[in-house]
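Notes follow once the structure below has been shown.
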Amino acid sequence: MSPLAFVLTLSCYRRWPSRFSTPYSHNLLVLFSSTATTITPPNGKESPSSGPAPPPIRVALTESTGRAVFATRRIGAGDTIHTAKPIVSHPSLSAITTVCYFCLKKINAVTASQSQGVSFCSENCKESSKVFYDVEKKADWLAFDDYCRTQGLKYPLLVKRLACMVISGAAPAGILDILQPANLTQGMILKMEEGFHLLRNALVKANIGDEHMSFLTKQWYTDVLARIRINAFRIELAAGVYEDLLSLASASIEAEAAVGNAIYMLPSFYNLDCDPNTHIVWIENADAKLKALRDIDEGEELRICYIDASMSCDARESLLSQGFGFKCNCLRCMSGD
Ligand SMILES: C[S@@+](CC[C@H](N)C(=O)[O-])C[C@H]1O[C@@H](n2cnc3c(N)ncnc32)[C@H](O)[C@@H]1O
């Protein structure tokens with residue numbers, strides 16, 4: 001899939017004291033410039049009705065950190081840079097009965113619509129979920145869900161939902177191919193095999209025809225998981241609507257435990273900084289908002305923090321190396337802070 005083919009419906013950590021500025025390269029190959037989104041301009045007013053303004057960003061190739069997102073104009077502290085809808089999302093198993101099975105919004109028992117043990121927050125979400133749920137509900141997922149629950153795995157649930165979307169024709173099998181994959185060891189691949197067999201068996205037993213299942217190979221399964229491992233976001237809802245940046249920042253910290261996980265396209269191109277200038281927030285559902293944490297200059301790289309920035313340098317280094325497989329090159333880490 002070409003970067004230019006993105007459907008751009010362009011969306012937690014504590015802000016670190018701004019002792020460092022974020023580095024950015026001047027030798028850039030621009031891979032992507034945005035086309036359409038809803039943004040809040042610096043004056044806080046919505047765009048005119050002539051259509052949404054493009055977000056002030058571009059994706060370009062850097063020398064040291066692969067692709068990265070850069071500001072195409074000055075962005076003010078607190079501005080919403082863009083929003084993003086998930087490509088695929090899934091509630092945590094512990095939240096299945098309390099959040100919408102499609103958008104992950106907290107369920108209101110009065111207006112919720114039930115279907116075979118899962119709930120949707122609205123008829124609209126129930127309708128939208130057909131892209132995966134019409135296939136999913138044909139199969140028995142007991143063994144697969146048990147495997148995820150007992151082993152504490154969340155990402156295979158995203159693969160299951162994506163597989164159902166591909167079978168229903170709602171997504172191409174290679175929809176995540178553009179995202180950077182994790183380097184998997186042979187041991188990691190072996191561990192994934194059980195999940196693959198459980199997923200495939202559930203669909204085979206549900207009589208999904210071979211013609212719809214040819215993409216579902218062990219290679220596809222591990223390949224998708226490798227990309228999810230690097231790019232998935234854990235969603236914590238900041239209940240209520242906060243327009244104030246500081247409210248948003250503290251809400252991110254105080255939010256309840258994760259309601260689910262999701263993969264986005266454009267937010268996946270944001271690199272990490274342990275003193276980030278941007279953060280990603282979720283207000284009431286899996287639709288994400290990317291917000292500027294401070295004033296950002298034109299040309300500056302936009303970076304978020306994937307982990308808890310308040311951890312020590314050693315703790316961050318070990319988490320990033322074990323969880324994401326890279327050594328952080330941000331100024332804070334380089335200075336040993
Ligand atoms: C979510 S992706 C970000 C986009 C990525 N650069 C790309 O081209 O797709 C995360 C990957 O980007 C690279 N990366 C992000 N932040 C980094 C940092 N602070 N230092 C070094 N590498 C970083 C690592 O390779 C990491 O696995």
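Values in this text are rule-based calculations from the coordinates and carry no lab data. Everything numeric here is computed off the predicted structure, so don't read it as measured data. Please note: Cβ atoms are built from the backbone with ideal geometry, for glycine as well, and neighbour counts cover all protein chains shown.
At a glance:
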{"read-out": "Under 5 Å, built H, 5+ apart or other chain: amide partners of Asn271", "value": "Val69, Ile304"}
{"read-out": "Cα→Cβ-extended label distance, 7 Å offset, between Gln180 and Asp134, nm", "value": "3.7"}
{"read-out": "FRET efficiency, 1/(1 + (r/R0)^6) with R0 30 Å, evaluated for Ser321 and Ile96 via beta carbons", "value": "0.40"}
{"read-out": "Theoretical gain in end-to-end length, Lys218 to Glu298 [0.36 nm per residue, Cα-Cα removed]", "value": "24.4 nm"}
{"read-out": "Only Lys, Arg (+1) and Asp, Glu (-1) charged, at Cβ; the stretch 64-125 dipole about Cα centre in debye", "value": "280"}
{"read-out": "³J(HN,Hα), Karplus 6.51/-1.76/1.60, whole Hz, each residue of the stretch 86-101, x for Gly, Pro", "value": "x, 6, 8, 9, 8, x, 5, 4, 6, 10, 3, 8, 10, 10, 4, 5"}
{"read-out": "Zone of Arg149's modelled label, taken as backbone nitrogen in the stretch 70-113 under 14 Å from a point 7 Å along Cα→Cβ", "value": "92-98"}
{"read-out": "Cβ crowding within 10 Å averaged over residues, with 159-168, 219-228, 292-301 ranked highest first", "value": "159-168, 219-228, 292-301"}
{"read-out": "Modelled FRET efficiency - R0 25 Å, Ser115 with Glu193, Cβ distances, 0.05 increments", "value": "0.20"}
{"read-out": "Simple label model, 7 Å out from Cα along Cβ direction - Ala170 to Lys106, nm", "value": "2.6"}
{"read-out": "Candidate aspartates and glutamates - alpha carbon under 13 Å from Lys205, same-chain residues fewer than 8 apart omitted", "value": "Glu136, Asp140"}
{"read-out": "Calculated from backbone phi, Karplus (6.51, -1.76, 1.60) coupling profile of the stretch 221-236 in Hz, x at Gly/Pro", "value": "4, 6, 5, 5, 5, 5, 6, 5, 4, 8, 10, 6, 10, 8, 9, 10"}
{"read-out": "Vicinal HN-Hα couplings computed from phi for the stretch 292-306 (Karplus, 6.51 cos²θ - 1.76 cosθ + 1.60; Hz; Gly/Pro x)", "value": "7, 7, 8, 4, 10, 7, 4, x, 6, 6, 8, 10, 10, 10, 7"}
{"read-out": "Förster-model FRET efficiency, 22 Å R0, Ser312 and Ser335, C-beta, rounded to 0.05", "value": "0.95"}
{"read-out": "All aspartates and glutamates inside 14 Å of Lys327 as judged from Cα atoms, apart from same-chain residues fewer than 8 positions distant", "value": "Asp273, Asp314, Glu317"}
{"read-out": "Nearby lysines by direct alpha-carbon distance to Lys105 (threshold 27 angstrom, same-chain neighbours under 8 apart not counted)", "value": "Lys45, Lys85, Lys126, Lys130, Lys137, Lys138, Lys154, Lys160, Lys289, Lys291"}
